[in-house]
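See below for the structure under consideration.
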Amino acid sequence: MGCGRVGSSLALELEASGHSVAIIDQAREAFRRLGPNFKGQTVNGVGFDRDTLLEAGIEKADAFAAVSNGDNSNILAARVARETYGIKNTVARIYDPGRAEIYQRLGIPTVATVIWATDQILRRIVPEGSRSEWRDATGTVQLAEMHPHASWYGTPALSIDQITPARVAFITRLGEALIPTEHTVLQEGDLLHVMVLDSDLAEAEHALAHSPDEAS
């Protein structure tokens with residue numbers, strides 16, 4: 001639901017990946033963003049209206065994303081998709097951070113645009129410490145982005161697994177992700193994405209903020 005910049009990008013990416021896609025928007029002109037090669041279904045209407053959802057094939061859908069520019073519309077549509085039609089893979093984009101937290105607690109997965117943007121900027125202007133990227137349902141394990149101390153550059157990436165309580169999941173290098181092997185050496189500018197127990201997070205942060213000799 002929503003054929004703005006995010007919705008149209010999602011629709012095109014999903015179609016390119018081989019999925020069948022239906023996209024809903026109240027404004028017909030919004031579908032121009034999809035371009036002439038889009039083969040999915042476009043439905044003009046209100047995204048939380050049941051007739052509109054049925055026209056879009058909600059009863060056969062495997063997932064639903066509510067990404068219009070209205071928080072209330074997104075939450076309402078996501079709840080209808082989840083509670084009325086039983087779609088488990090449902091997500092709503094929310095601009096208000098307070099609302100996003102509330103709906104997340106109610107079991108409605110949300111992407112809080114303001115929080116996400118703030119976090120992305122902070123990662124680049126204040127690189128110390130870690131930024132959580134994912135947390136398991138029990139709150140025990142998380143995937144965290146960390147910036148290693150300069151003294152780690154030139155050392156094998158997998159040495160982090162041996163010296164710290166963290167495990168390297170992947171590395172972002174020059175804007176591209178790579179899974180380290182035994183031959184991967186850390187370079188300046190690398191962003192580490194590590195799996196770590198919540199209870200070990202502080203120890204892992206401390207280790208990567210200092211030299212390998214101090215950490216071991």
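No lab work stands behind these numbers, since they all come straight from the coordinates. Since this is a predicted model, take the numbers as computed values, not measurements. Every residue, glycine among them, receives a Cβ derived from its backbone with ideal geometry; neighbour counts consider all protein chains shown.
Figures for the structure shown
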quantity: Taking GLU214, GLU29 and counting other C-beta atoms within 10 Å, the order from fewest to most; calculated: GLU29, GLU214
quantity: Coarse-grained scattering of the chain at q = 0.12, 0.15, 0.16, 0.17 Å⁻¹, given as base-10 log I(q)/I(0) from a Debye sum over alpha-carbon atoms; calculated: -0.77, -0.98, -1.03, -1.09
quantity: Rounded to the nearest 20 debye, dipole of the chain from Cβ charges on Lys, Arg, Asp, Glu; calculated: 960 debye
quantity: Sorted by Cβ density within 10 Å, fewest first, the residues THR138, THR52, THR110, THR172; calculated: THR138, THR172, THR52, THR110
quantity: The range 40-109: chymotrypsin sites (Phe, Trp or Tyr not before Pro) falling in loop per DSSP and having at most 15 other Cβ within 10 Å; calculated: TYR95
quantity: Full-stretch length increase - GLU55, HIS206 - with 0.36 nm per residue and alpha-carbon distance subtracted; calculated: 48.9 nm
quantity: Charge dipole of the chain about the Cα centre (unit charges at C-beta), most positive-ward option of LEU158, MET195, PRO109; calculated: PRO109
quantity: Residues ASP136, ASP96, sorted so that the one with the fewest Cβ neighbours within 10 Å comes first; calculated: ASP136, ASP96
quantity: Ellipsoid equivalent to the range 5-117 - semi-axes via the Cα gyration tensor, in Å; calculated: 22, 16, 13
quantity: Cα-based helix-to-principal-axis angle, 5-16 vs the chain, degrees rounded to 10; calculated: 90 degrees
